[in-house]
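Chemist: Below you'll find the structure I mean.
The values are calculated or read from the model by the stated rules, or taken from the named source; none is laboratory data. Remember, predicted model here, so these are calculated numbers, not experimental data. Cβ placement follows ideal geometry from the backbone for every residue including glycine, while neighbour counts extend to all protein chains displayed.
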Amino acid sequence: MRRLVPLLFLVLALPAAAQRSGEYLGRRIAETMHWKGAEWLLRETREREENVQLLLDELGIEPGMTVCDLGAGVGVHALPMAKMVGPGGRILAVDIQHEMLDRLITRAKEAGVENVVPILGDVDDPKLEPGSCDLILLVDTYHELSEPEVMLERVRQALKPDGRIALVEFRAEDPEVPIKPQHKMTREQMLFELGVNGFDLVREFKGLPWQHLMFFGDREAVDAPLEPIGPLPSPRQLAWHELEYYAFVHFNMNTFTDVEWGEGREDPTTFHPTALDCRQWARVARDAGMTGIILTAKHHDGFCLWPSAYTEHDVESSGWRGGEGDVLRDLSEACREFGLKLGVYLSPWDRNNPLYGDSPRYNDYFKKQLTEVLTGYGEVFEVWFDGACGEGPNGKRQVYDWPGFVATVREHQPDAVIFSDAGPDVRWVGNERGYANETCWSMLRRDEFEPGTPRYAELTSGHEDGTHWLPAECDVSIRPGWYYHSDQDDDVKTLEQLLDIWHGSVGRNGSLLLNLPVDRRGLVHENDAARLMELRRALDAIYDVDLAAGAEAYADDWRGEMRAALVVDDDDATYWAARDERTAATLLLDLTEAKAFDRVVLQEPIALGQRVRAFRVEARVRKQWKPIAEGTTIGRKRILITPRVEADLVRIRITDARAAPAIASVELYAAPE
Ligand code: FUL
């Protein structure tokens, strides 16, 4: 008998013409069982297979209730339920085949049941009075609805305010249940479909032998705005997040002494670029798609690229351009011309200055220098503080006045972000390879850190329970050294390396600060410039056409107007969000036709905090769902490189989040083959 069951469904399906052949949210809609199969409904083995009595017991039926049996068939459930609701209650038995109802009516008469009301429904209308039902039961019926969305809307209207839907479906997860696959459903799919249609699971009974029994209630609309979950980014941090990719330029005394760390005893005239052109740097950076340039205005040797009033170790004393040169001025003008932001690296560690080690006096000197660079060159977007610290000529270790340094920056450049191992605005990513961890929180327990921290390894992931918004900046040089060394001209990172770095930084909720060691001429070397353009072309080729644009998007939860469609609109400021009680939710993108892609790009609306802790991405390839990516954090941007798939549906399952999940954007791309 068991083996016969699937066969029966096959033979006795209604003719295809009566069906809208199709799918709903990735599920094949099953054909309605033909009335000629009614005997099967009354099969002797049914009680054992489905435990109808147990199901009835679990429905919570009380005398006096109005219960609708939607897809009632010959009344296997309707008749006993009629007894359960008693003379004061009613059973509305809906079916779309009058032959089924005829049989039901006969059986009711035979059983002496009078409170069953047969209703001939339509595929898109159960013909129920609005607000009339305490319970609407669908046994093995929902998966056959050809118009599930319309029907669920009618069902919603037919329910009393606290009314429930009870869905009974054969468990697709269970290979032991001998029913044809299209007549089974997974719990996940049921939750998703009902969720998409605005119903919440309110109760579930897991004790039926073959079937799911799930109760759903109409979802109360939530219009409240999405509550932020702190810590949150400041406006200056939010503006910085948008910059994403910008240049570091290590160019200073070391360029001419061919070292990475100078000792501060260099003769200033050693600094003598022969063809310095900051406009060339800016042009290269702009053409590379970078948004700004951060210059080593002073490195550990203390030599200043601007004429400082407080030291002789500077461009003014170098004799370069007759002592009139000012690299910072040239660069600030070039940045303005090319639409780039200007940032400054000012090393607190200073191996030249005699005050170093005499802590208060050196701190004072450093603040005066900071003031010079922050007041003389227009807007500065980032101040880059290295944590290195040493002993001064007096043999004492310098104690930096970090609060004072920060206050100086805030005073003169309130919109600038301050970078160091410990921020306060942007943190080091903890390595100089340019990679964040796959798990990368924008938060950090900031007070546990200070510049030069020995706990730098933690910076690569941040802290989920961080007390401050302190996002990661990934710095790395395009060559082995930070400074130019002619013997590294052939060691420029390859395109593959740079792409990998891109995905490990920008693609992992970080920004990419890519260093260009400007050479002794004072130019970005040809090899470096050429590689940067290759990278640009490669990125443009990959991230050119968003294959998710225009997709139909569905979510099993949302709040107010924050609907799934907002993840595929072209506005990253809008977002989909779930209700507060949810920490998991599923998005489905229907691409309407199979498209080949191998990149998934996700973004959270970080102005309201970083939320997602875990997610999975699945793609439907030739009707088969395949897992293609999984991850932990998303943050501002997460790029996932997936196997190349040709899929018509893409599912993003957010499986865990710190608070109601929200997604600003989902994009799909295909790298050129
Ligand atoms: C480090 C410095 O010591 C290196 O010389 C380089 O400037 C790098 C970006 O930061 O801490």
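Chemist: One residue is enough: does the stretch 475-482 have a residue meeting the conditions part of a strand (DSSP E or B), in contact with a Leu (Cβ under 6 Å, 6 or more places away or on another chain) and within 16 Å of the ligand (Cβ to nearest atom)?
Modeler: First, pick out the residues of the stretch 475-482 that are part of a strand (DSSP E or B): 475-477.
Filter once more, keeping what is in contact with a Leu (Cβ under 6 Å, 6 or more places away or on another chain): 475.
Okay, now just the ones that are also within 16 Å of the ligand (Cβ to nearest atom), so 475.
Yes, because at least one residue in the stretch 475-482 is part of a strand (DSSP E or B), in contact with a Leu (Cβ under 6 Å, 6 or more places away or on another chain) and within 16 Å of the ligand (Cβ to nearest atom).
Chemist: Hey, another quick one. From 221, 158, 166, which residue is touching a Pro at 6+ places or on another chain (Cβ under 8 Å), touching a residue at least 12 places away in the same chain (Cβ under 8 Å) and more than 30 Å from residue 413 (Cβ to Cβ)? Don't jump to the end; show me each part of the working.
Modeler: Working: 221 fails: touching a Pro at 6+ places or on another chain (Cβ under 8 Å); 166 fails: touching a Pro at 6+ places or on another chain (Cβ under 8 Å).
Every option except 158 fails the conditions.
Chemist: Sticking with this one: Please identify the pairs in which a residue from the stretch 485-506 that is more than 16 Å from residue 530 (Cα to Cα) has its Cβ atom under 8 Å from the Cβ atom of a residue that is part of a helix (DSSP H, G or I), counting only partners at least 6 apart or on another chain.
Modeler: Within 8 Å, the pairs are 502/535; 502/539.
Chemist: Filter the stretch 382-401 for residues that are more than 16 Å from the ligand (Cβ to nearest atom) and in contact (Cβ under 8 Å) with a residue 40 or more places away in the chain and give the result.
Modeler: 397, 399, 401
Chemist: Determine, yes or no, whether residue 504 is modelled with pLDDT of 95 or more, in a helix (DSSP H, G or I) and away from the ligand (no atom under 16 Å from the Cβ).
Modeler: Yes; evaluated as a whole, the condition is true for this residue.
Chemist: For the stretch 414-421, state whether one or more residues are assigned to a loop (DSSP other than H, G, I, E, B), among the charged types (D, E, K, R) and more than 22 Å from residue 313 (Cα to Cα). Step through it out loud before you land on a result.
Modeler: Looking only at the stretch 414-421, we keep the residues that are assigned to a loop (DSSP other than H, G, I, E, B), and these are 414-416, 421.
The next check asks that each one be among the charged types (D, E, K, R); those that pass are 415, 421.
Restricting the remaining residues to those that are more than 22 Å from residue 313 (Cα to Cα) gives 415, 421.
Yes: one or more hits.
Chemist: Is it the case that residue 176 is part of a loop (DSSP other than H, G, I, E, B) and farther than 20 Å from residue 53 by Cα?
Modeler: Against the criterion (part of a loop (DSSP other than H, G, I, E, B) and farther than 20 Å from residue 53 by Cα), residue 176 qualifies.
Chemist: For the subset of the stretch 467-492 comprising residues that are out of contact with any helix residue (DSSP H, G or I) (no Cβ under 7 Å at 6 or more places or on another chain) and farther than 24 Å from residue 441 by Cα, which member is surrounded by the fewest Cβ atoms within 10 Å (Cβ to Cβ)?
Modeler: Going through the qualifying residues, I end up with 490.
Chemist: Scanning for something out of contact with any helix residue (DSSP H, G or I) (no Cβ under 8 Å at 6 or more places or on another chain), in the same structural domain as residue 402 (by TED's automatic domain parsing) and more than 27 Å from residue 236 (Cα to Cα), does the stretch 328-344 turn up at least one residue? Break it down into steps so the answer makes sense when it comes.
Modeler: First pass over the stretch 328-344, keeping only residues out of contact with any helix residue (DSSP H, G or I) (no Cβ under 8 Å at 6 or more places or on another chain): 329, 332, 336, 343.
Next cut, in the same structural domain as residue 402 (by TED's automatic domain parsing) only: 329, 332, 336, 343.
Keeping just the survivors that are more than 27 Å from residue 236 (Cα to Cα) gives none.
Checked the stretch 328-344: no residue is out of contact with any helix residue (DSSP H, G or I) (no Cβ under 8 Å at 6 or more places or on another chain), in the same structural domain as residue 402 (by TED's automatic domain parsing) and more than 27 Å from residue 236 (Cα to Cα).
Chemist: Would you mind listing the helices (runs of 4 or more DSSP H) fully within the stretch 252-353 where at least 3 residues are more than 15 Å from the ligand (Cβ to nearest atom) and within 42 Å of the chain's Cα centre (by Cα)? Spell out how you get there, then give the answer.
Modeler: Values: elements: 253-257, 278-287, 315-318, 327-338.
The helices (runs of 4 or more DSSP H) meeting that bar are 278-287, 327-338.
Chemist: Would you mind finding the one in 332, 359 that is surrounded by fewer than 20 Cβ atoms within 10 Å (Cβ to Cβ) and of a type in the set (S, T, N, Q)?
Modeler: Working: 332 fails: surrounded by fewer than 20 Cβ atoms within 10 Å (Cβ to Cβ).
That would be 359, the only listed residue that is surrounded by fewer than 20 Cβ atoms within 10 Å (Cβ to Cβ) and of a type in the set (S, T, N, Q).
Chemist: Sticking with this structure for a sec: For the stretch 37-60, name all the residues that are under 23 Å from residue 127 (Cα atoms) and either surrounded by 22 or more Cβ atoms within 10 Å (Cβ to Cβ) or at pLDDT below 95 (or both). Working first, answer last.
Modeler: Filtering the stretch 37-60 for residues under 23 Å from residue 127 (Cα atoms) gives 38, 59.
If the condition is that a residue be under 23 Å from residue 127 (Cα atoms) and either surrounded by 22 or more Cβ atoms within 10 Å (Cβ to Cβ) or at pLDDT below 95 (or both), then 38 is the only one that fits.
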